[in-house]
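Enquirer: Here it is, the structure in full.
The values are calculated or read from the model by the stated rules, or taken from the named source; none is laboratory data. Keep in mind that this is a model prediction, so the values were computed, not measured. Backbone-built Cβ (ideal geometry, glycine too); neighbour counts: all protein chains shown.
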Amino acid sequence: MTRDEIVSACLETTLYSWSATGKVDPLAIARAEGVYLWDVDGKRYLDWNSGLMSVNIGHGHPKVLAAVTEQMKTLAFAYPGAATEIRARVGRRLAELVPGNLNTFFFTLGGAEANENAIRAARLYSGRTKILSRYRSYHGSTNLTLQATGDNRRWYNEPGAPGFVRVMDPWPYDYSFGADEDEITKNHLRYLEETIRAEGPHTIAAMIIETVTGTNGILMPPRGWLKGLRALLDKYGILLICDEVMCGWGRTGKLFAFEHGGIVPDILTMAKGLTSSYLPLGAMAVSDPIAAHFRDNVFWGGLTYNAHPTLLACALAAIDVLIGEGMVDNATRMEPIMRAHMERLRLKHSSVRRSRCFGLFGILELQDKAGQPIAHYPDNHPVMAKLNRFLIDHGLVTLVRWDGVMCNPPLCITEAQIDDAFAILDAGLAITDAHP
């Protein structure tokens with residue numbers, strides 16, 4: 001099929017996520033390898049957003065393809081009540097790798113289902129119903145997870161399930177890097193405790209957080225906040241769920257982002273980087289006390305594709321590549337290189353307001369001539385669409401939304417490839433520099 005035939009058929013017969021189909025202008029992608037994509041006309045693009053912050057090991061790794069092929073030849077599917085060798089191997093491997101007492105796993109088809117089941121597990125285990133979450137968050141598009149979500153995608157799916165209480169994030173939206181992080185942490189935890197007491201601690205099952213906020217801004221918690229949160233929730237017997245669907249599996253320079261805060265959650269959710277998105281798979285990890293509860297009490301959740309053998313084979317191979325080829329360490333090594341590029345662009349371009357980067361989890365935030373965000377979260381601006389078009393035309397594909405340009409390449413990226421990406425960004429920022 002030609003490019004026009006592919007695009008036309010996709011727009012006529014399929015719906016696109018979070019989009020009015022008549023306003024979508026998709027790339028016709030034909031193949032991918034490493035950090036690059038190629039369209040049907042043979043043009044190459046650098047994948048600066050790892051698909052959807054998810055293809056952590058890069059595209060098309062032969063070891064993963066081989067493992068999936070071999071599994072499909074022997075046992076492509078098994079009903080979820082079966083015991084299989086690949087299920088046993090993945091369970092043991094995850095128990096070895098995930099810190100603390102998170103040793104038991106429930107497999108799903110993605111991050112939303114992992115979070116949905118985490119909420120279910122917290123309620124069943126605690127006997128409580130309410131779930132705390134933050135406004136600047138995204139936890140998935142199922143019924144429960146959209147109500148835990150704080151961002152504007154929730155608005156259009158309300159009213160939803162009851163029992164959700166949203167709080168402000170520890171960082172004020174328009175925060176300053178010069179602010180006293182210890183004071184911000186102290187004030188937010190005081191506010192959070194007041195909310196907990198007002199809601200009734202005995203009614204709250206868990207608080208779910210993105211350990212590092214992803215699509216809503218790449219926001220690392222302020223210093224000491226994770227430890228303070230852990231202590232506060234423990235005080236009231238409230239479980240902590242860390243959603244690491246996006247920030248887990250090496251993205252921040254550690255295997256899991258909660259390791260930066262020196263804590264361990266009661267429940268951990270993961271997806272995306274678990275298989276590097278070669279196949280759909282998510283997982284919920286629960287602590288030993290929660291696992292012990294469900295050895296004697298029914299876990300009232302299930303999926304046809306729970307512990308799907310082919311998906312698990314993909315995960316095991318992707319994990320082995322991620323760790324065996326040093327990609328988590330590479331994220332740490334590349335962080336200062338990306339930071340230096342970001343700072344260079346900030347000094348050169350009047351439209352660059354600030355930037356953040358944790359491992360290879362990064363964002364550039366842009367401003368107008370008055371020093372205000374080009375678009376205030378959660379709004380968009382036409383000049384950002386022009387910038388996005390320029391980047392695509394010059395071979396760089398990423399997520400551009402609100403006032404942000406995402407910088408989340410595969411963890412296998414090299415310094416030279418980072419240089420190439422920032423050269424395109426450098427040229428494109430002339431568009432936002434000229435914006436009034």
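Enquirer: Would you be able to tell me the number of residues in the range 230-250 that are β-branched (Val, Ile, Thr) and within 11 Å of the chain's Cα centre (by Cα)?
Expert: Looking only at that region, the number is 1.
Enquirer: Here is a list of conditions, (1) over 20 Å from the mean Cα position of the chain (by Cα); (2) assigned to a helix (DSSP H, G or I); (3) at pLDDT 95 or above; (4) not hydroxyl-bearing (Ser, Thr, Tyr), and Leu226 meets all of them except one; can you say which number that is?
Expert: Condition (1) is where Leu226 drops out.
Enquirer: Looking at this structure, is Leu11 surrounded by 14 or more Cβ atoms within 10 Å (Cβ to Cβ), in contact (Cβ under 8 Å) with a residue 12 or more places away in the chain and either under 30 Å from Ile363 (Cβ atoms) or not assigned by TED's automatic domain parsing to the domain that holds Ala257 (or both)?
Expert: In short, yes.
Enquirer: Condition first: among the hydrophobic types (A, V, I, L, M, F, W, C) and at pLDDT 95 or above. Now tell me which residues in the range 3-22 satisfy that.
Expert: Correct list: Ile6, Val7, Ala9, Cys10, Leu11, Leu15.
Enquirer: Could you check how many residues of the range 290-312 are assigned to a loop (DSSP other than H, G, I, E, B), under 21 Å from Gly273 (Cα atoms) and out of contact with any Ser or Thr (no Cβ under 9 Å at 6 or more places or on another chain)?
Expert: The number of residues fulfilling the criteria is 1.
Enquirer: Listed residues Arg92, Arg87; which is surrounded by fewer than 16 Cβ atoms within 10 Å (Cβ to Cβ), part of a helix (DSSP H, G or I) and basic (Lys, Arg)?
Expert: Residue meeting the stated conditions: Arg92.
Enquirer: I'd like to verify a number: residues in the range 330-363 that are among the acidic types (Asp, Glu) and without any contact (Cβ under 8 Å) to a residue 24 or more places away in the chain, how many?
Expert: Counting residues in the range 330-363 that are among the acidic types (Asp, Glu) and without any contact (Cβ under 8 Å) to a residue 24 or more places away in the chain gives 1.
Enquirer: Moving to a separate point now. Do you know which of the residues in the range 388-402 that are outside any helix (DSSP H, G or I) and modelled with pLDDT of 95 or more is surrounded by the most Cβ atoms within 10 Å (Cβ to Cβ)?
Expert: Once the filter is applied, the top-ranked residue is Thr398.
Enquirer: Then there's this: How about the range 80-96: which of its residues are touching a residue at least 40 places away in the same chain (Cβ under 8 Å), of a type in the set (A, V, I, L, M) and closer than 14 Å to Ala283 by Cα?
Expert: Result: Val90, Leu94.
Enquirer: Let me ask something else. Since Pro336 meets every condition but one in (1) more than 20 Å from Glu70 (Cβ to Cβ); (2) surrounded by fewer than 18 Cβ atoms within 10 Å (Cβ to Cβ); (3) not assigned by TED's automatic domain parsing to the domain that holds Gly362, which condition does it not meet?
Expert: (3)
Enquirer: Applying the selection to the range 14-42, what residues are in contact with a strand residue (DSSP E or B) (Cβ under 9 Å, 6 or more places away or on another chain) and touching a residue at least 40 places away in the same chain (Cβ under 8 Å)?
Expert: Hits for the range 14-42 are Leu27, Gly34, Val35, Leu37.
Enquirer: Is it true that Lys272 is surrounded by fewer than 16 Cβ atoms within 10 Å (Cβ to Cβ) and out of contact with any Cys (no Cβ under 7 Å at 6 or more places or on another chain)?
Expert: no
Enquirer: So Thr145 clears everything in (1) in a helix (DSSP H, G or I); (2) among the hydroxyl-bearing types (Ser, Thr, Tyr); (3) surrounded by fewer than 22 Cβ atoms within 10 Å (Cβ to Cβ); (4) in contact with a helix residue (DSSP H, G or I) (Cβ under 9 Å, 6 or more places away or on another chain) except one condition, right? Which one?
Expert: It is condition (3) that Thr145 fails.
Enquirer: Another question about this same structure. Does Arg356 satisfy being surrounded by fewer than 18 Cβ atoms within 10 Å (Cβ to Cβ), assigned by TED's automatic domain parsing to the domain that holds Pro409 and not in a loop (DSSP other than H, G, I, E, B)?
Expert: When the stated conditions are applied, Arg356 does not pass them.
Enquirer: Please work out which residue is farthest from Ser277 (Cα to Cα), limiting yourself to the range 323-334 and to residues that are out of contact with any Leu (no Cβ under 7 Å at 6 or more places or on another chain) and of a type outside the set (S, T, N, Q).
Expert: Ranking the qualifying residues of the range 323-334, first place goes to Arg333.
Enquirer: Same structure, new question: Name the pairs whose Cβ atoms lie under 6 Å apart, with the first residue in the range 142-166 and at positive phi, the second of a type in the set (Ser, Thr, Tyr) and at pLDDT 95 or above, and 6 or more positions between them or separate chains?
Expert: If the second residue must be of a type in the set (Ser, Thr, Tyr) and at pLDDT 95 or above, the pairs left are Gly163/Thr129.
Enquirer: Here is a list: Ala370, Ala423, Ala375, Ala385. Which entry is without any contact (Cβ under 8 Å) to a residue 40 or more places away in the chain, more than 30 Å from Gly326 (Cα to Cα) and either part of a helix (DSSP H, G or I) or among the acidic types (Asp, Glu) (or both)?
Expert: Checking each option against the conditions leaves just Ala385.
Enquirer: Answer yes or no as to whether Ala416 is closer than 26 Å to Ser277 by Cα, at pLDDT 95 or above, outside any strand (DSSP E or B) and not assigned by TED's automatic domain parsing to the domain that holds Ile218.
Expert: So Ala416 passes the test.
Enquirer: Let me ask another. Quick check on my filter: what residues within the range 251-269 are crowded, with 22+ Cβ neighbours inside 10 Å, over 13 Å from the mean Cα position of the chain (by Cα) and farther than 28 Å from Ser126 by Cα?
Expert: Selection gives Gly253 alone.
Enquirer: Of the residues Asp41, Asp25, Asp47, which single one is at pLDDT below 95 and not β-branched (Val, Ile, Thr)?
Expert: Among Asp41, Asp25, Asp47, only Asp25 is at pLDDT below 95 and not β-branched (Val, Ile, Thr).
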